[in-house]
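First up is the structure itself, then whatever we jot down about it.
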Amino acid sequence: MTEPKFKRVFAIVLDSVGTGNAPDAAKFGDEGADTLGDLGHAWKGALKLPNLAKLGLSNLRVEPIEGIPAADKPLGWYGRMDEISAGKDSMDGHWEMMGLPVEKELSTFPDGFPDEIIEKIEQYSGRPVIVNKPYSGTQVIHDYGERQMDTGELIIYTSGDSVMQIAAHEDVIPLEELYDICRYARTLVNGPEYIVGRVIARPFVGPDKDHFTRTANRHDFSLVPTGKTDLDLLHEAGYQVIAIGKTNDIFSGRGIDQAYHNESNMNGMDHVDEVLEKDFTGFCFTNLVDFDTMYGHRRDPKGFGQALMDFDQRLGHVLAALRPDDLLLITADHGNDPCFKGTDHTREEVPLLAWSPKMQTSGSLGVRSTYADLGATILDNFHLKAPHGTSFLDELN
């Protein structure tokens, strides 16, 4: 087996950290969305991300982020990526990164799920369903959580994405029962009439509507990948594939050797630190979801910015711990501009940052025409042929 250029590749997905209008943003009603740019303005220049900045976070943009100047000499290579998948959900973004763009639009339910699906869930679970319409995840438990505690009903809701979310208080419906209901619901939306990207268990705790909080026991039951992904190809070739965060759920465990469940972004970074100490040849794929669930959907720029600064501080340790034959890639799966209208994801370009301690050059990777370029580069590193995307490995010297 020919030695790879980089023995270990670490990709960190900053879930929802977009960097401005995608070319097709108008199709999604997202013209003007710019997660990073609007965060800079909201923080009035007080947003400080020194480690991301020296990797080229502001260099990759047409206009620098307020408070984060472009680096005179960036450490590595930087650019942006456009999405070709039909949707703007996490599943679309991650599958496309790994060489499986979602070409057909998945089912969405702006008027709620059809009666035939709801009735089957009620019959299977023995529990009535309430809400059944698009709703903010935190608002729905505020508005209906106390009723759910009293009645044992299932709160089912959706968003602008192809998702079914099922919420219940952990003291009323035990986790395993909730997961079982979600597994059954998953079987109802695998096609052919309705194809949903993710069924998400949304357990919450707390004594009343003013104190309910969603827990880290969330679980995503994703559509099984409809074809081989880059993770499958790496696994079949004998390389180690490690997933941190919801990455394992998004790929239904396919092509993954070891998985870590995150309690939070910081817990996820603890797992990254742990994997950095391991000797392996292969790929570690991390998703940090708090930016999205805790702050993007809640339209909370203050919390979002603080979460980015907390990540940036932890990134400093990662940069120091990387070995000469490691490669770090940082990107996002979509946008979720906390200063934009609504509460849904936003169709944006995403950042692309690449660095290794042995790099002696730096510069722009331009605007990549598909997220699949990320996976193509990883496969190229391990001398494997990518089904989609164009590798930028040769630039990383």
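The values are calculated or read from the model by the stated rules, or taken from the named source; none is laboratory data. In this text the structure is predicted, and so the values were computed from the model without any measurement. Neighbour counts run over all protein chains shown; Cβ positions are idealised from the backbone, glycine included. SASA here: full protein model, heavy atoms, side chains in, ligands and nucleic acids out. Shrake-Rupley method; radii C 1.70, N 1.55, O 1.52, S 1.80 Å.
Mind checking whether some residue in region 253-267 is assigned to a strand (DSSP E or B) and buried (at least 16 other Cβ atoms within 10 Å of the Cβ)?
There is at least one residue in region 253-267 that is assigned to a strand (DSSP E or B) and buried (at least 16 other Cβ atoms within 10 Å of the Cβ).
Tell me which of these Ile173 doesn't satisfy, since it passes every other one: (1) crowded, with 20+ Cβ neighbours inside 10 Å; (2) in contact with a strand residue (DSSP E or B) (Cβ under 6 Å, 6 or more places away or on another chain).
That leaves (2) as the condition not met.
Assuming Glu116 fulfils every condition listed in (1) in a helix (DSSP H, G or I); (2) farther than 30 Å from Thr390 by Cβ; (3) within 26 Å of the chain's Cα centre (by Cα) apart from one, which condition is it?
Every listed condition holds for Glu116 apart from (3).
What tally of residues in region 319-366 results from selecting those that are under 12 Å from Trp77 (Cα atoms), open to solvent by 20 Å² or more (accessible area, probe 1.4 Å) and either of a type in the set (A, V, I, L, M) or in a strand (DSSP E or B) (or both)?
Adding up the residues that qualify gives 4.
Return yes or no: is Thr35 of a type outside the set (A, V, I, L, M, F, W, C) and either over 25 Å from Asp290 (Cβ atoms) or surrounded by fewer than 17 Cβ atoms within 10 Å (Cβ to Cβ) (or both)?
So Thr35 fails the test.
Could you say whether any residue in region 302-309 is farther than 25 Å from Arg218 by Cβ and surrounded by fewer than 21 Cβ atoms within 10 Å (Cβ to Cβ)?
Looking for residues that are farther than 25 Å from Arg218 by Cβ and surrounded by fewer than 21 Cβ atoms within 10 Å (Cβ to Cβ), one finds none in region 302-309, hence no.
Can you report the number of residues in region 271-290 which are over 15 Å from the mean Cα position of the chain (by Cα) and either in a loop (DSSP other than H, G, I, E, B) or under 30 Å from Gln139 (Cα atoms) (or both)?
The number of residues fulfilling the criteria is 5.
Looking at Ala46, Ala22 in this structure, which one is small (Gly, Ala, Ser) and within 21 Å of Met91 (Cα to Cα)?
Being small (Gly, Ala, Ser) and within 21 Å of Met91 (Cα to Cα) holds for just one of Ala46, Ala22, which is Ala22.
Which of (1) surrounded by fewer than 18 Cβ atoms within 10 Å (Cβ to Cβ); (2) not in a loop (DSSP other than H, G, I, E, B) does Trp95 not meet, given it meets every other one?
Going through (1) surrounded by fewer than 18 Cβ atoms within 10 Å (Cβ to Cβ); (2) not in a loop (DSSP other than H, G, I, E, B) one by one, Trp95 breaks only (1).
Scan region 142-160 for residues that are touching a residue at least 24 places away in the same chain (Cβ under 8 Å), open to solvent by 10 Å² or more (accessible area, probe 1.4 Å) and not hydroxyl-bearing (Ser, Thr, Tyr) and report the count. Full working, then the answer.
Step one: filter region 142-160 for residues touching a residue at least 24 places away in the same chain (Cβ under 8 Å), giving 142-143, 145-146, 148, 152-160.
From what's left, open to solvent by 10 Å² or more (accessible area, probe 1.4 Å): 142-143, 146, 153, 159-160.
Narrowing the set further to residues that are not hydroxyl-bearing (Ser, Thr, Tyr) leaves 142-143, 146, 153, 160.
Residues flagged as touching a residue at least 24 places away in the same chain (Cβ under 8 Å), open to solvent by 10 Å² or more (accessible area, probe 1.4 Å) and not hydroxyl-bearing (Ser, Thr, Tyr) within region 142-160 amount to 5.
If you scan region 216-234, which residues turn out to be open to solvent by 30 Å² or more (accessible area, probe 1.4 Å) and more than 20 Å from Val272 (Cβ to Cβ)?
Correct list: Asn217, His219, Val224, Thr226, Lys228, Leu233.
Out of the residues in region 321-364 meeting the condition of being of a type in the set (D, E, K, R) and over 24 Å from the mean Cα position of the chain (by Cα), tell me which one is farthest from Asn397 (Cα to Cα).
Arg323
Which pairs turn up if I take residues in region 92-113 that are at positive phi and look for partners that are among the small types (Gly, Ala, Ser) with beta carbon separation below 8 Å, at least 6 apart in sequence or on another chain?
Cβ pairs passing all conditions: Gly99/Ala372; Gly99/Gly375; Gly99/Ala376; Gly99/Ala386; Gly99/Gly389.
When you scan region 151-211 for strands (runs of 3 or more DSSP E) that lie fully inside it, which ones turn up with 1 or more residues that are touching a Lys or Arg at 6+ places or on another chain (Cβ under 8 Å) and within 16 Å of Ile250 (Cα to Cα)?
In region 151-211, 163-169, 198-205 are the strands (runs of 3 or more DSSP E) which contain 1 or more residues that are touching a Lys or Arg at 6+ places or on another chain (Cβ under 8 Å) and within 16 Å of Ile250 (Cα to Cα).
Of all residues being part of a loop (DSSP other than H, G, I, E, B) and basic (Lys, Arg) in region 53-74, which is most open to solvent (accessible area, probe 1.4 Å)? Just the residue, please.
The initial filter retains those residues of region 53-74 that are part of a loop (DSSP other than H, G, I, E, B), namely 56-64, 66-67, 69-74.
Of the ones still in play, those that are also basic (Lys, Arg) are 61, 73.
Values: Arg61: 35, Lys73: 182 Å².
Here the residue is Lys73.
Each row is one residue, and each column tells you yes or no for (1) touching a Gly at 6+ places or on another chain (Cβ under 6 Å); (2) over 19 Å from Leu14 (Cα atoms).
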site	(1), (2)
Thr343	no, no
Gln360	no, yes
Asn381	no, yes
His388	yes, yes
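Which numbered condition trips up Leu223, out of (1) on the phi > 0 side of the Ramachandran plot; (2) in contact (Cβ under 8 Å) with a residue 24 or more places away in the chain?
Single failed check for Leu223: (1).
Scan (1) outside any strand (DSSP E or B); (2) open to solvent by less than 50 Å² (accessible area, probe 1.4 Å); (3) polar (S, T, N, Q); (4) closer than 25 Å to Pro50 by Cβ for the single condition Thr293 breaks and write down its number.
Of (1) outside any strand (DSSP E or B); (2) open to solvent by less than 50 Å² (accessible area, probe 1.4 Å); (3) polar (S, T, N, Q); (4) closer than 25 Å to Pro50 by Cβ, only one is false for Thr293: (4).
Go through (1) at pLDDT 95 or above; (2) open to solvent by 40 Å² or more (accessible area, probe 1.4 Å) for Pro192 and report which single condition fails.
(1)
Among Lys44, Lys27, which is the only one that is more than 21 Å from the chain's Cα centre (by Cα) and outside any loop (DSSP other than H, G, I, E, B)?
Lys27
Which one is farthest from Met91 (Cα to Cα) among residues in region 195-215 that are buried (at least 21 other Cβ atoms within 10 Å of the Cβ) and either of a type in the set (D, E, K, R) or in contact with a Leu (Cβ under 7 Å, 6 or more places away or on another chain) (or both)?
Within region 195-215, the match that is farthest from Met91 (Cα to Cα) is Pro203.
Which of the numbered conditions does Lys133 fail, given that it passes all the others? Conditions: (1) out of contact with any strand residue (DSSP E or B) (no Cβ under 8 Å at 6 or more places or on another chain); (2) over 25 Å from Thr247 (Cα atoms); (3) surrounded by fewer than 16 Cβ atoms within 10 Å (Cβ to Cβ).
(1)
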